[in-house]
Amino acid sequence: MSDVSLTVNGRQVNAAVEDRTLLVHFLREHLGLTGTHVGCDTSQCGACVVHVDGKAVKSCTMLAAQASGSTVVTIEGLSDGTGLHPVQAAFKENHGLQCGFCTPGMIMAATDMINRHPEGLDEATVRAELEGNICRCTGYHNIVKSILAASQAMAKGKGRAKAA
Ligand code: FES
Ligand code: FES
């Protein structure tokens, strides 16, 4: 067993877990954060993406014990609680989801992508960066459209914040 201590969605969490427990299973089964999905057993689908210390990580590729000491944000903690996060809002407005299974991972990967590209994004970059996320409904066109819209909305929001 390993003792793990981490911050998840702003909450301090301490637990004793089996050494082999993956971060995704810790989030879903120990903490009940089932918005993070498991879509494969080969680390290919990206349905399990969360942020670990601000970076998108496939939570099926990391042990819970390895995440000890980190700050983790899942889809449940992405919004500040006052409404949808701009990336969530853009997916809603641009029909960026069909069944929704891949959506939490897509949104967490997209948020990290936008944060790493403050200069803005173009379609080719979004498509290349989404290589690690699979949508079985194959709705990639609207997912890309959603991410481009979110990138623009977040850049405008930052501009407004600077002007204020
Ligand atoms: S469940 Fe992690 S990549 Fe598929
Ligand atoms: S919306 Fe169904 S898997 Fe992507």
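Within the range 23-36, is there a residue that is open to solvent by less than 30 Å² (accessible area, probe 1.4 Å) and under 20 Å from E129 (Cα atoms)?
yes
Quick test for you: out of A110, A90, pick the one residue that is small (G, A, S), over 23 Å from L27 (Cβ atoms) and open to solvent by less than 10 Å² (accessible area, probe 1.4 Å).
A90
Out of all the residues in the range 114-146, which are part of a loop (DSSP other than H, G, I, E, B), within 16 Å of ligand 2 (Cβ to nearest atom) and more than 16 Å from the chain's Cα centre (by Cα)?
Result: R136, C137, T138, G139.
G81 is checked against (1) open to solvent by 50 Å² or more (accessible area, probe 1.4 Å); (2) not in a loop (DSSP other than H, G, I, E, B) and fails just one. What number does that condition carry?
(2)
Quick check, is M62 open to solvent by less than 40 Å² (accessible area, probe 1.4 Å), in the same structural domain as D19 (by TED's automatic domain parsing) and aliphatic (A, V, I, L, M)?
yes
Step by step: first the residues of the range 114-143, then only those that are among the hydrophobic types (A, V, I, L, M, F, W, C) and surrounded by 20 or more Cβ atoms within 10 Å (Cβ to Cβ), then the one that is farthest from ligand 1 (Cβ to nearest atom). Which residue is that?
L121
The values are calculated or read from the model by the stated rules, or taken from the named source; none is laboratory data. Nothing here was measured: the structure is a model prediction, and the numbers come from that model. Quick reminder, even Gly has a Cβ in these numbers, built from the backbone with ideal geometry, and neighbours come from all protein chains shown. Heads up: the accessible areas ignore ligands, DNA and RNA and are worked out on the full protein's heavy atoms, side chains in. Shrake-Rupley method; radii C 1.70, N 1.55, O 1.52, S 1.80 Å.
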